[in-house]
Amino acid sequence: NSILINKKLLPIIKVTYKRKYYSFKNSVRITFDYPSTYFNYSNMNGINHDHINVLEIKFHPDDYYFAQNLIHNSPFIPKRFSKYLRALSFTGSAVYL
């Protein structure tokens, strides 16, 4: 905190989204985020609306094989995702595929 106190920090991106929470057999927690909106404070280019929904699966390491089986039997392909990097990309501040 002491390092940041004297800095003039300003927001860059505002990311908003709606989220639903689920639990599967008390072993796996699932969050479902849907449509995100992004606002870039640095160039004030308005609000950008995304079309991608994000499903995140969380579990304790002891439940790894249970979660792995759940993911394997789902129609989804796991991959890394960052709403922040996607927001930067949407607003022209970064390249994110």
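The values are calculated or read from the model by the stated rules, or taken from the named source; none is laboratory data. For clarity, every value in this text was computed on a predicted model and none was experimentally measured. For neighbour counting, all protein chains shown are included, and Cβ atoms are generated from backbone atoms with ideal geometry for every residue, glycine included. Accessible surface is based on the protein model in full, side chains and every heavy atom, while ligands, DNA and RNA are left aside. Shrake-Rupley method; radii C 1.70, N 1.55, O 1.52, S 1.80 Å.
Points to keep in mind about this one:
- Being open to solvent by 80 Å² or more (accessible area, probe 1.4 Å) and assigned to a strand (DSSP E or B) is true of Arg29.
- Residues of segment 82-97 that turn out to be surrounded by 12 or more Cβ atoms within 10 Å (Cβ to Cβ), of a type in the set (A, V, I, L, M) and not in a helix (DSSP H, G or I), as a count: 1
- Residue count for segment 54-81, restricted to those that are at pLDDT 90 or above and either open to solvent by less than 80 Å² (accessible area, probe 1.4 Å) or in contact with a His (Cβ under 6 Å, 6 or more places away or on another chain) (or both): 12
- Any hit, segment 3-25, residues being small (Gly, Ala, Ser) and not in a strand (DSSP E or B): no
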